[in-house]
Amino acid sequence: METTKRNNIEHTSFNKLSIQISLDGLSFCILHAVTNEITALRHFQFDEVTNPLQLEKEVTHIFEQEASLLNQPFEAVTVSHINTLSTFVPKPLFSDKHLADYLKYNNKILPNDYITFDVVTNNDMVNVYIPYVNINNLFFEKYGAFHYKHFATILLENIFQSATTSEEATVYVHVQKTHFEIIVIQQKKLLFYNSFEYVSSEDFIYYLLFSLEQLQLNTNTLQLFFLGAIDKSDVLYTVTYTYVRHVDFLDKKYGFDFHESVTKPKSHHDFTLLTNF
């Protein structure tokens, strides 16, 4: 989705900005289009943000704190919204006249909620979701025109690029601070997608194993790839490996380098942030 106002800042920069926003935090990175290097990568965690108004205050504070990086013209700005207020609809069944109907069965919809959608570019689906409108307005005032998507759209588009045509189902688990996503792809088609909130490792493994059982997938033979905020030392990895035999991390190959001043993240970290240029 693209905002309609044109940026009135004269573009003298070759920098591109990717921002990822949720109630749990904000991350951003800057790509220099000429040197093809990530020149900045920042993460900010929010511990007590529970609504979009509190989120706006935190974002404003970050803009002030990181003014030297964020108060500059950008060639392009892309924003991804992280929340669970979304659902995927097969394109043949989709109509933009029924956006609220798609969401109301799984989410509480308020009368003044703004609902929009992304078309998944490499699959026959549409992602219907509620963005943080006040945050979009904030970026709109600061940068003018920019593109935004729901993070699940970016997640699926890039996983589809990595997926094979294997007849065996492949499971991808994207881990975040308070929720995680399970994506199951078979023969380059989406078999399953869902997002689960969790507090403990017991919550996590229950939802994961229950989903695999419902799909009748064999935990001794399936391949599971982790991505997002997880490493081998984490308890979520340990408990998963106890029940699932073939567990690995998705090895994403990026088409750019990292400047020597930027600590290069592991390839499965910051997956939706670094693929949203």
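What follows is calculated from the coordinates using simple rules that are stated; it is not laboratory data. What you see is a predicted model, and the numbers here were worked out from it, not measured in a lab. Backbone-built Cβ (ideal geometry, glycine too); neighbour counts: all protein chains shown.
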- Query: Do any of LYS232/LYS252; LYS16/LYS142; LYS108/LYS232; LYS189/LYS253; LYS57/LYS264; LYS16/LYS188 go past 25 Å between their Cα atoms, and which?
  - Reply: LYS108/LYS232; LYS57/LYS264; LYS16/LYS188
- Give the long-range amide H neighbours of PHE192: residues separated by 5 or more places, or on another chain, with amide H under 5 Å away, using H modelled in the peptide plane at 1.01 Å from N. VAL184
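Restricting the count to DSSP beta bridges whose residues both fall in the chain, what percent are antiparallel, rounded to a multiple of 5? Mind showing how you got there, number by number?
Details: 40 of 62 bridges.
Antiparallel: roughly 65 percent of the beta bridges in the chain.
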- Placing each pseudo-label 7 Å from Cα in the direction of the beta carbon, LYS232 and HIS246 end up separated by a distance in nanometres of 1.9 nm
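Between SER200 and GLN54, 0.36 nm times their residue separation minus their Cα-Cα distance comes to what?
Numbers: separation 146, 0.36 × 146 = 52.56 nm, distance 2.56 nm.
Length gained, SER200 through GLN54: 50.0 nm.
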- Query: Using the Cα gyration tensor of segment 32-108, with a ≥ b ≥ c the square roots of its eigenvalues, what is the shape: rounded (a/c below 1.5), prolate (a/b larger than b/c) or oblate (neither)?
  - Reply: oblate
- Query: Which ³J(HN,Hα) values in Hz, rounded to whole numbers, follow from the phi angles of segment 265-270 under the Karplus curve 6.51 cos²θ - 1.76 cosθ + 1.60, where θ = phi - 60° and Gly and Pro get x?
  - Reply: x, 4, 5, 8, 7, 6
- When the helices in the chain are scored as -39500 (n - 2.57) per DSSP H run of 4 or longer and the sum is shared across all residues, what 222 nm value do you end up with, to the nearest 500 deg cm²/dmol? -7500 deg cm²/dmol
- Query: When only DSSP loop residues count, what chymotrypsin sites (Phe, Trp or Tyr not before Pro) in segment 23-95 have their Cβ near at most 14 other Cβ atoms within 10 Å?
  - Reply: none
- Note on the structure: Heads up, segment 116-205 by the C-alpha gyration tensor (a ≥ b ≥ c square roots of eigenvalues; a/c under 1.5 rounded, else a/b over b/c prolate, else oblate) looks oblate
- Item | Label-zone membership for segment 180-194, site GLU168, 7 angstrom Cα→C-beta point, backbone N under 17 Å | 184-189
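From the Cα gyration tensor of segment 215-277, with a ≥ b ≥ c the square roots of its eigenvalues, which class applies: rounded if a/c is under 1.5, or else prolate if a/b is larger than b/c, or else oblate?
prolate
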- Relative to the present Cα-Cα distance, how much length would full extension add between GLN65 and ILE109 at 0.36 nm per residue of separation? 12.4 nm
